[in-house]
Number of protein chains: 2
Amino acid sequence: MVMKVSKLVGEHFKEAPADCTIESHSIMVRGGYIKGVGAGIYSLYPPTKRITRKIENILREEMDNIGGQEVLFPVVMPASLWKESGRYDSIGSELLRFTDRTGTDMVLGMTHEEASVQMCRVAAQTYTKYPYMIYQIQTKFRDEPRARGGLIRVREFTMKDAYSFHTSWEDLQEYYQVCYDAYMRIFRRCGLKDFIAVKSDSGMMGGSVSHEFMSLTDIGEDTLVICPECGYSSNMEAADCKVEPDNAFEEAPLELVETPDMKTIADVTKFLGRTPKSTCKAVVYQENATDKYIIAYLRGDLEVNETKLRNYLKTEIHPAAVITAESGIVEGFIGPVGGADCRVVFDKSLVPEKNLICGANKVNYHYTGFNLTRDVPDAEIADFAKSYEGAECPVCGKHSIVIKKGIEIGNIFQLGTKYTKSMGMEYIDKDGTTKNPIMGCYGIGVGRLAASVCQESHDDYGPIWPMSIAPWQVEVCNLRADDETVSSVADKLAKDLDAKGVEVLYDDRDVRPGVMFADADLYGIPVRAVVSPKTCERSAVEVSYRDKSARFDVSIDEAADKIKSIVEEMLAQYK
Amino acid sequence: MVMKVSKLVGEHFKEAPADCTIESHSIMVRGGYIKGVGAGIYSLYPPTKRITRKIENILREEMDNIGGQEVLFPVVMPASLWKESGRYDSIGSELLRFTDRTGTDMVLGMTHEEASVQMCRVAAQTYTKYPYMIYQIQTKFRDEPRARGGLIRVREFTMKDAYSFHTSWEDLQEYYQVCYDAYMRIFRRCGLKDFIAVKSDSGMMGGSVSHEFMSLTDIGEDTLVICPECGYSSNMEAADCKVEPDNAFEEAPLELVETPDMKTIADVTKFLGRTPKSTCKAVVYQENATDKYIIAYLRGDLEVNETKLRNYLKTEIHPAAVITAESGIVEGFIGPVGGADCRVVFDKSLVPEKNLICGANKVNYHYTGFNLTRDVPDAEIADFAKSYEGAECPVCGKHSIVIKKGIEIGNIFQLGTKYTKSMGMEYIDKDGTTKNPIMGCYGIGVGRLAASVCQESHDDYGPIWPMSIAPWQVEVCNLRADDETVSSVADKLAKDLDAKGVEVLYDDRDVRPGVMFADADLYGIPVRAVVSPKTCERSAVEVSYRDKSARFDVSIDEAADKIKSIVEEMLAQYK
């Protein structure tokens, strides 16, 4: 069916609302792609539905290709399932909980590890069934407090999530690599260009090894640590940080120095003629559950990697909101010698340094000469410094680390037996023993992927959709709907293309060329065919590409065939 | 990809659980099609997901074919949208309500009229955009108190719902017929045989004209009124009932007669030598909101159609649970002359009758000689009798009515302006005036349709899937996985069929033929190809059809081609 613009449901706006701070969000609102229904909740207009369906088909092909079996889990689940795994209690309010009419506790699925184990618990009781992978494409809900950026960070979203089950870690690792490769193909086939996989923190999913796939973009919320020399890459949250020792000073005794009103590292180092590298910085946190203070010390030029600190402490923390007088913590002058009575941890960056400046726990006083191993003999030492531009690569050892921003477009986890153990899923192995299967899980958000492609591939006028996921393949523009000759050529071209299996958006409206072209840019269809009195005069249709790489005439008679082969060539790039 | 039974996720059981009271439910549990997750909530195993995907593709084709534009609405919606339309208050607890982390009232979508208006409110402001239709295929949740029958009546389900918008009633009616025809094609293409459309009650949807599509089956929960003579058909809830007057008696005066301990119509009529037709029966209801009593009188041989009564009263009612002494209602002897002080309504079946028996509102006494128009001059007369087998057809007038049972597999509504008016959706018409668009809506439940096909098309051993929605097209049975010759023939056949684009389920397990065939019956694949030592001896593959209509040999060399053409022929029946 030829889709006529005159009937297409959607609204185009000249200006995007003020809350659209990133280009893809602005384009998708201005171009009639999405309609906000509530905070982080959108309806999808026809073009977006067509895009996401094409993405879903690519996902299906690639999942089926690696032996996946498509299933469907429910959106609404009894809380009992999440109590079995322990996540009902361990996950915060992003898991939406409610009771049904009978008073039963229910949740909205934000991920389906529990459901996948429940599905297979009885169905796979002998080793001969393994390995296998099941996947679904389904709506999910995550009660995200910071919904933003249109489809980039929403509360309700469509996700492809897959779960694999194995009888050995080796088998999981092998399949994990197969999925990794499939993910790289998926993103390439969807037309994404600049993306990488990075090592990631497993967070609430549990498990050990995990990777995130990142679309590299300045508007990304994730910070990535990349070594262009050897290919090492990691989410900042999970990145190792090899800090080069400064060793600028000889050992010296602790000495109390007056530092009047100097509460910042900048003030103190300037006053004492030192650099931040020669200080011991204090950062104060509070445990979420108890509000108890925790002080983290690290070298003054470094930042705390909160995820690593949290993982080390094995408790949820937040930067201290207020520091009470009773705590004994002297703000601006906090130091590790004779400080307040609370938990204290030191980053390993402090270990090799001598003669550092630190707070003296006394208003207007600092110490010089601080030496961690000497002055705090029983110090609790951990690794929680953030990596930084130019840092030493933890793999190849060069000082080559660069920091980039990215949007997470997919993730894969080696889960192990976290869920199969807690939920009592067992099978009988070859040797007759009973074991818990070893799991992997693999996710891609469909809408976010569409928005990420838009974010990467657009100009000032709208999106430049790759042929593989473009809502339509060709837009036919009838520049004079009131002219019989022009209209009959344009009508026929649209019809002929449709008959040849080409997806056509046909702008049949009686509007000025400027309006029609501006709208066409917002539709972002890769190939455009313009029919006007001028092109008809020269018995031609003017073909151009949305990425502005070409513009040429084809004869009216050959237009449908030529355009069809152009579409096929473009499509072939994404096979 | 050839799907091997050895890897297929799902569980087969010899016996269905005791709560499976209908065949399709029992088959779908025993055959590894569905897995209960909570009351009325299921996960779908791979075969069911494949079936429902094929149904969804048929739905898409037919919706696109009548100009539909696919969109996606959210599952979770802010309650404010439902407050706009007024349904937040008017719908009962089947609408699941909850609050999100910010305390905002939310609902789970059970239907999307509100969302469709919200989507189009700004997008369709001029008459040139009309008519148009949008549809989605999406998960819905209805907090159904009586979930039962597997996928027949669930709480969470996938639904195709469509919404059309028009500028005149004529245009709506025309498109309504187009949808009606598309629905008939859809059910036929999904392999359903015995189904009809019936006039229905519009219920909570609002609007005037509506139809339900019904799969005719004894296990149906809906009662249907059908005239085989003229084609009239209606859901009992909405069926007109033309009651033939009995007129068995001459007018007579009211007379009090003693009827000791005779509280039922059977007792009284036997005692007085009359039939139920010559009585005036009382049925007591209570208004849900106030518990106030309402007495409905009708001729003794008829039943109350509660939906019609409810629509007439314009209030929710339920059969009286208890009748209190203070009410003045004398149970067993209730009558319209000098009765209790409550609302009283009379069915029109009573109007022509004379000399009826009715209660006398006094223990152990009835009246004879009751005559509604004479004895209750200001009676409130309405039409709320149930139709019955052999009743007069309200269209052709023959006494031809038959009563059947059906499962509702789809519905279509002429909604009018109920939603566009309440939600302020307007467009500028040709003449410059502002109007509310006129809506239609059209729904089909995907899982229920799959289950209904299974219910209609099965034998004692399992489902007989129609080729159009069968999870796989061909099952290859390797009867001797331990035999090299047999396995090489079977492996090759499965591979060749797959290469030719035929969907293959391959039973590669080393199990006894009895087990393999029992499982094959449960998979219900339309075409089966058996490879055994015996078939190999005669250089053949044994092909048989799941519906037992044929069994024949094809030579090994030609097997793949022959089977492919059989599949294509079967598919062609559903085009």
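For the pair the range A:143-170 / the range B:495-536, the C-alpha centres are spaced 37 Å from each other. Principal axis analysis of the Cα atoms in the range A:472-572 yields extents of 37, 28, 22 Å, listed in decreasing size.
Relative contact order of chain A: 17 percent, from C-alpha pairs under 8 Å at least 6 residues apart in sequence.
Please go through the range B:218-249 and write out the GluC sites (Glu not before Pro) that DSSP classes as loop and that have at most 15 other C-beta atoms within 10 Å.
On the way: sites: B:221, B:229, B:237; in loops: B:221, B:229.
Of the GluC sites (Glu not before Pro), the ones in loops of the range B:218-249 whose Cβ has at most 15 other Cβ atoms within 10 Å are B:221, B:229.
Hey, what did the range A:255-382 get for relative contact order, percent, Cα under 8 Å, at least 6 apart? Display every interim value, and only then the final one.
Numbers: 242 pairs, mean separation 36.4, N = 128.
That works out to 28 percent.
If each DSSP helix of 4+ residues adds -39,500 (n - 2.57) and the sum is divided by the residues in chain B, what number results at 222 nm, nearest 500 deg cm²/dmol? That comes out to -7500 deg cm²/dmol.
Give the calculated FRET efficiency between residue B:331 and residue B:500 to the nearest 0.05, with a Förster radius of 60 Å applied to their Cβ-Cβ distance. For R0 = 60 Å, the calculated efficiency reads 0.25.
Shape summary of the protein assembly as shown, radius of gyration then Dmax from alpha carbon positions: 36.1, 126 Å. For residue A:275, the label point sits 7 Å beyond Cα toward Cβ; its separations from the matching points on the remaining copies run 11.1 nm, from shortest to longest.
Looking at the range A:191-262, the pairs of alpha carbons with a distance over 17 Å make up 62% of the total. Rounded to the nearest 20, the Cβ-based charge dipole of the range B:142-251 about its Cα centre (Lys and Arg +1, Asp and Glu -1) stands at 920 debye.
Distance between the C-alpha centres of the range B:385-456 and the range B:342-360: 33 Å, rounded to the whole angstrom. Taking only Cα atoms, what is the 0 to 90° angle, nearest 10, from helix B:46-65's long axis to the longest principal axis of chain B? Taking Cα atoms only, the helix is inclined about 70 degrees.
The same position residue B:568 in the other copies lies at 2.0 nm from this copy, comparing label points 7 Å beyond Cα toward the beta-carbon, shortest first.
Residues whose amide H comes within less than 5 Å of that of residue B:343, counting only those at least five positions distant or on another chain, are B:295 (H built at 1.01 Å from N in the peptide plane). For the rotation that carries chain A onto chain B, the axis lies closest to a Cβ at A:98, 2, where the number is the distance in whole Å.
3J(HN,Hα) along the range A:530-537: 9, 10, 9, x, 5, 5, 5, 4 Hz, from the Karplus curve 6.51 cos²θ - 1.76 cosθ + 1.60 with θ = phi - 60°, whole Hz, x for Gly and Pro. Using Cα atoms only, what is the angle between the long axis of helix A:169-189 and the major principal axis of chain A, expressed in degrees (0 to 90) to the nearest 10? Helix A:169-189 sits roughly 50 degrees off the main axis of chain A.
Can you list which of the trypsin sites (Lys or Arg not before Pro) found in the range B:486-574 are DSSP loop residues with at most 12 other C-beta atoms within 10 Å?
B:538, B:548
Over the C-alpha trace of the range A:255-382, radius of gyration and Dmax come out as 13.8, 41 angstrom. Under the combined filter of DSSP loop state and at most 15 neighbouring Cβ atoms within 10 Å, the range B:34-126 retains these GluC sites (Glu not before Pro): B:94.
Annotation: aspartates and glutamates with alpha-carbon distance below 13 angstrom to residue A:562 (same-chain offsets under eight excluded): A:496, A:542, A:553. In chain B, with Lys and Arg counted as +1 and Asp and Glu as -1 at Cβ, which of these residues, B:350, B:46, B:391, has the Cα nearest the positive end of the dipole, that is, farthest along it? With unit charges placed on the Cβ atoms, the residue in question is B:46. Largest first, the extents of the alpha carbon coordinates of chain B on the three principal axes equal 94, 67, 51 Å. Normalising the Debye intensity of the range A:442-515 to I(0), with uniform scatterers on Cα atoms only, and taking log10 at q = 0.25 Å⁻¹ returns -1.09.
Since only A:518, A:530, A:505 are under comparison, the one whose Cα sits farthest along the positive direction of the charge dipole of the range A:472-572, derived from C-beta charges on Lys, Arg, Asp and Glu, is A:518. In degrees, nearest 10, range 0 to 90: what is the angle between the Cα axis of helix A:559-572 and the longest Cα principal axis of chain A? Once rounded, the angle reads 20 degrees.
For a 4.7 Å threshold on C-beta separation, the list of partnerless cysteines in chain B reads B:20, B:120, B:179, B:190, B:241, B:342, B:441, B:454, B:477, B:536.
Among the listed pairs B:348/B:404; B:270/B:354; A:160/B:35; A:314/A:421, which are separated by more than 23 Å between their Cα atoms?
On the way: B:348/B:404 25 Å; B:270/B:354 19 Å; A:160/B:35 20 Å; A:314/A:421 21 Å.
Table pairs above 23 Å Cα-Cα are B:348/B:404.
Shortest first, residue A:379 label-point distances to identical copies amount to 10.0 nm, with the label point at 7 Å from Cα along Cα→Cβ.
Here, each number is a calculation from the coordinates, and none is a lab measurement. Not measured: the values here are computed from a predicted model. No Cβ is skipped: glycine too gets one built from the backbone with ideal geometry, and neighbour counts run over all protein chains shown.
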